[in-house]
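Accompanying notes for the structure given below.
Please treat every number below as a calculation from the coordinates, not as lab data. Values in this document were obtained by computation on a predicted structure and should not be read as measured data. Positions of Cβ are generated from backbone atoms using ideal geometry, with glycine treated the same way; all protein chains shown enter the neighbour counts.
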Amino acid sequence: MNRRLEERRAQQARYKEDVAARGKPFYPWAMFHDTVMSLLVVSMIVGLAVIWKYTAEEGPTEEDSGWLGKLYDEPADPGTTSFIPRPDWYFYFLFYLLRIFKWPESVILGTVGIPTLALLLLLALPFLDVRRERRPLRRPVALVAGILTVIAMGVLTYKGATARESIGSELLVLVPNWAESQGFAGNDEAVEGAEIFAKAGCANCHTYQGAGTANVGAPDLSNIGAGGRNADFFVRYVANPAEFGNTVMPPFEQLGEENLQKLAAFLVASKGSQ
């Protein structure tokens, strides 16, 4: 222990000699330069955002463009049933981890465990590796760990970017089969409700006759109508699940009363395969 301490003191002494002879110390000079540069970059981003916001008119056309372009292409539609939410590209690796670690057994490992462990290892690295050697070929453990990390992040990012969701047009083709097997093929309102179910992203958490993904403990809805609840109950539940004690499922009141009625008719008609 004393020998390692003496070596570190000797290294520190040589470092101070090198600084005195050839350069300036990291603190405060490098930190000051980095701080000034960071402030300049942030100030530039804020300035460009202000110019973009206050030189453009509210509207999606080219005539509404300001110095830095339009504010938006199309107004947001709160009642859309076809929007597929996706994370920014730099979160694709975490996005795909959520597809690997399923609810409820292992989701905490993918959302908290692995990212936290990786962060702690990164923070601890300067304290664990205090050797002066910096040549990669002389540091096989660090080299292999770095290569494996890059490969893992690259693969997860690629898989997350190319992951396909079981919603939208992929589920729409199953609606006729659902209607036939559940016996509501002649019920136009229930069929339209099944199409809304397919497009609104319900299958991100629920499953229906084997389609979709079971997440956050959401139940299979293939026979949800067998419980005897009426359409009014399902309209109220889907519009505001928190009213019934469900704080995990988001509210879908933005679908509108007409779409909610159709979705409720579909759920009531889902009594299991006939």
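Between residue 106 and residue 76, what length in nm is gained on full extension when 0.36 nm per residue of separation is reduced by their alpha carbon distance? Before the final figure, lay out each step's value.
Values: separation 30, 0.36 × 30 = 10.80 nm, distance 3.52 nm.
This chain segment gains 7.3 nm when fully extended.
What order, most packed first, do the peptides 108-117, 181-190 have when packing is the mean number of other Cβ atoms within 10 Å of each residue? Numbers along the way, then the final one.
Details: 108-117: 12.9, 181-190: 17.2.
So the order, starting with the most tightly packed, is 181-190, 108-117.
Any chance you could give the angle, 0 to 90 degrees and rounded to 10, that helix 114-128 forms with the longest Cα principal axis of the chain?
0
Starting from the Cα of residue 16, draw a straight line to each of the lysines and keep only those under 23 Å, dropping any in the same chain fewer than 8 residues away.
Candidates past the 8-residue exclusion: 24.
Could you work out how much longer the chain between residue 180 and residue 46 gets when fully extended? Use 0.36 nm per residue separation minus the Cα distance between them, nm to one decimal.
Details: separation 134, 0.36 × 134 = 48.24 nm, distance 5.64 nm.
My answer for the length gained is 42.6 nm.
Mind scanning 159/262; 53/102; 159/199 and naming the pairs with a C-alpha gap bigger than 31 Å? Present the calculation step by step, with values, prior to reporting the outcome.
On the way: 159/262 35 Å; 53/102 41 Å; 159/199 23 Å.
The answer is 159/262; 53/102.
At q = 0.15, 0.18, 0.19 Å⁻¹, what is the log10 ratio I(q)/I(0) for the range 186-274, with the Debye formula run over Cα points and no solvent?
Relative scattering, expressed as log10 I(q)/I(0), comes to -0.50, -0.75, -0.85.
Viscosity 1.002 mPa s, temperature 20 °C: Stokes-Einstein D of the range 80-163 from its Kirkwood Cα radius, in µm² per second? Let's see the in-between values first.
On the way: Rh = 15.1 Å.
It comes out at roughly 142 µm²/s.
Which shape class, rounded, prolate or oblate, goes with the range 221-267 when its Cα gyration tensor gives a ≥ b ≥ c as root eigenvalues, a/c under 1.5 marks rounded, and past that a/b bigger than b/c marks prolate?
Values: a/c = 1.89, a/b = 1.16, b/c = 1.63.
Oblate, because a/c is 1.5 or more while a/b does not exceed b/c.
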